[in-house]
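The values are calculated or read from the model by the stated rules, or taken from the named source; none is laboratory data. What you see is a predicted model, and the numbers here were worked out from it, not measured in a lab. As a convention, Cβ positions derive from the backbone with ideal geometry for all residues, glycine included, and neighbour counts pool all protein chains shown. What goes into the accessible areas is simple: the full protein's heavy atoms, side chains included, and nothing from ligands, DNA or RNA. Shrake-Rupley method; radii C 1.70, N 1.55, O 1.52, S 1.80 Å.
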Amino acid sequence: MVSGGTYGTEQIVQGAGYGRAILILLLTPVLWSLPTAFMIGELSSALPAEGGYYAWVRRGLGNFWGFQEAWLSLVASVFDMAIYPTLFVAYLTQVAPWFREGHRGVMVGLFVVVTCAALNIAGVRVVGITSLWLFFLLSMPFALIVLLSPFKLSAASSAAVAPGVGAVGLLGGILIAMWNYMGWDNASTIALEVERPQRTYPKAMIATVILVSLTYVVPFAAVYLAGVPAAAFSGDGAWAQVAGLIGGTWHGANWLGFLLVLGGMTSAFGMFNALVMSYSRLPLAMAQDGMLPRIFSKTHAKTRAPWVAIVVLATGWALCLGLGYERLVTLDIILYGASLMLEFVTLVALRIREPELKREFRVPGGLAGAILVGIFPLLLLGLALAHGGSETVLGMNGLVFGLVIILAGFAVYLGTARLRRRAVGPRIVERVEAA
């Protein structure tokens, strides 16, 4: 749920160049991912509740802010989930340019959304061990790039490459790196389905930060040392072009690039399918707590999948398929970052209000450590807000658009008061004790 492999990182080099791109990919997990992993490690070990981060914020800050946490996460998912079909189409057009014409790319993206929604309603869950092996399988083409790069020094450095179009810039590269390193709290919504979550989550978080960082940095370092020009990273799906420079041709075909295209499509599809499960459990938990109308608690008779939540969310995801990649990333980070800040505030609030709460893992440094761990993510969120001012969405300034969505959560909470039955707080405690 955090990473679908190295796919989607191309525009970091396009915007920042090799040296700064590698530096960004090394510093981002330290300043953005590790503090987040520490925070989630403590909260998930203390409160392994259904609904994850929504349950944490509701317990620490009350019903209003719990609702806002869920609202921010769900509206962020609208833009986040539209990114994966966009990447799927970007890789598909590398081998089938026909899909670039007209609205064909949007139709392919819609096919991804509908198929994954149907699979989730049918009970198919690409998670756990399957997702882990899928991650290693999709990383194999990049392992081949790393292994072949030392033998392609002269060929790669002398290859002619078309100039890149529409570079995203340094700040855009930082935002894309942040997106590639986020999503740590998504797994918390299924905590009750994890063995020994109090111990498993902190270990998994730290291990994943290291693993994901390596899968991003090592391939970039390999092609840089091979002399592949940064201009080769000229947009989404550009790893296929780079793979052609490294792997050469076999019977006239870019064999390694073809493997990367298939891997990129499968990665985008697999990430989308896995995240459908994570996001769809959030309205389910909210409906069970009375924070949403009870219709969202309806589940499939055989598979127990929350089919109403899946259909409603999939509709929202489909409506954003026409937006560009960087625009989606910017909006996603603004909204996700706001929800993440609520989680950091909750970490501090629970330290103060419930100091005796059993925590298998603690952010080091006492209360001061719990406060300071959110500083760097907050500063990076500030960069996202600054960049949002340069984007335009539906004719509106991107930052203003994001703020409108955030404030809309307040109005939705007040406007749906009569539709919600009164939530009972002890249910969360009962879930935790049962876990």
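Highlighted here are the helices (runs of 4 or more DSSP H) found entirely within region 1-86 that include at least 2 residues which are hydroxyl-bearing (Ser, Thr, Tyr) and crowded, with 24+ Cβ neighbours inside 10 Å: 34-46, 53-61.
Across region 231-261, the qualifying residues are those that are surrounded by fewer than 21 Cβ atoms within 10 Å (Cβ to Cβ) and at pLDDT 85 or above, and the one among them that is nearest to the chain's Cα centre (by Cα) is LEU259. All of (1) part of a loop (DSSP other than H, G, I, E, B); (2) more than 30 Å from ALA301 (Cα to Cα); (3) out of contact with any helix residue (DSSP H, G or I) (no Cβ under 8 Å at 6 or more places or on another chain); (4) at pLDDT 70 or above hold for THR200 with one exception: (1). Is region 248-259 home to any residue that is polar (S, T, N, Q) and closer than 25 Å to LYS152 by Cβ? For region 248-259, residues polar (S, T, N, Q) and closer than 25 Å to LYS152 by Cβ: present. Tell me, please, whether a residue that is polar (S, T, N, Q) and modelled with pLDDT under 80 can be found in region 142-149. Scanning region 142-149, I find no residue that is polar (S, T, N, Q) and modelled with pLDDT under 80, so the answer is no. In this structure, does ALA301 turn out to be of a type in the set (Gly, Ala, Ser) and buried (at least 19 other Cβ atoms within 10 Å of the Cβ)? No; evaluated as a whole, the condition is false for this residue.
Just to be sure, is MET265 under 20 Å from the mean Cα position of the chain (by Cα), under 30 Å from ALA309 (Cβ atoms), among the aliphatic types (A, V, I, L, M) and open to solvent by 10 Å² or more (accessible area, probe 1.4 Å)? Steps first, please.
On the way: under 20 Å from the mean Cα position of the chain (by Cα): yes; under 30 Å from ALA309 (Cβ atoms): yes; among the aliphatic types (A, V, I, L, M): yes; open to solvent by 10 Å² or more (accessible area, probe 1.4 Å): yes.
Spelling it out, MET265 is indeed under 20 Å from the mean Cα position of the chain (by Cα), under 30 Å from ALA309 (Cβ atoms), among the aliphatic types (A, V, I, L, M) and open to solvent by 10 Å² or more (accessible area, probe 1.4 Å).
Every listed requirement among (1) on the phi < 0 side of the Ramachandran plot; (2) modelled with pLDDT of 85 or more is met by GLU101 save one, (2).
Yes or no: ALA222 touching a Ser or Thr at 6+ places or on another chain (Cβ under 8 Å), small (Gly, Ala, Ser) and either closer than 22 Å to LEU335 by Cβ or without any contact (Cβ under 8 Å) to a residue 60 or more places away in the chain (or both)? When the stated conditions are applied, ALA222 does not pass them.
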